[in-house]
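Q: Quick one: structure below, then a few questions.
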Amino acid sequence: MKKTALLIAFGLSTLFINPSYAATYEATQAGGGYVFSNSFSGNTSFDDYISFSTDGMQQVLTSISGTGDTFSLKEFNLLDENKNLVMNGTVFNSGSNLSFGFTNSIQQGSYYLQVIGESTGTNASYAGTITLANAVPEPETMALMLSGFGLIGVAGRRKMREKV
């Protein structure tokens, strides 16, 4: 009797628990970046991983918007190919439309964008873009490079004087 009551209680409790989705998707390459989307139904919590890759040192800027009766995007992270945290995203605005970026450039390689949020309603979805921009060298890097060229020029000029 106790086993039957426990099975019935467990079955009823699963009806009232919000489903939680965790899935990995591959972003589709488009122009200078990627596009991605996901849709689901019912009261949902999601923790999705969107895979993409970079070509050399690049900065990442992402924009996401969602639809649903109540749609809330909670967190975005940049993860490496082993799903280890690389950087937390800096949120530029919030609600169902969210933009964020990463202040540092990332190396060439494979990465995941982690999207965490919640939605209620019969039909919910989100769509977004990952824009990759070539990294602009820091002023210190440019100064170091120019001083290196200057030293090469001085060394070359000295050799020219020694030959004469």
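The values are calculated or read from the model by the stated rules, or taken from the named source; none is laboratory data. As the structure is a computational prediction, the values presented were derived from the model and not from experiment. Ideal geometry is used to build each Cβ from the backbone, glycine not excepted, and the neighbour counts take in all protein chains shown. In case anyone asks, the SASA skips ligands and DNA or RNA and just uses the protein heavy atoms, side chains included. Shrake-Rupley method; radii C 1.70, N 1.55, O 1.52, S 1.80 Å.
Q: For the stretch 118-164, name all the residues that are at pLDDT 75 or above, open to solvent by 80 Å² or more (accessible area, probe 1.4 Å) and not in a helix (DSSP H, G or I).
A: Matches in the stretch 118-164: Glu118, Asn123, Asn134.
Q: Of all the residues that make up the stretch 44-65, how many are open to solvent by 10 Å² or more (accessible area, probe 1.4 Å), within 19 Å of Thr122 (Cα to Cα) and of a type outside the set (Asp, Glu)?
A: Residues in the stretch 44-65 being open to solvent by 10 Å² or more (accessible area, probe 1.4 Å), within 19 Å of Thr122 (Cα to Cα) and of a type outside the set (Asp, Glu): 2 in total.
Q: Would you check if there is a residue in the stretch 72-79 being in contact with a Phe, Trp or Tyr (Cβ under 7 Å, 6 or more places away or on another chain), modelled with pLDDT under 75 and either farther than 15 Å from Ser110 by Cβ or open to solvent by 40 Å² or more (accessible area, probe 1.4 Å) (or both)?
A: no
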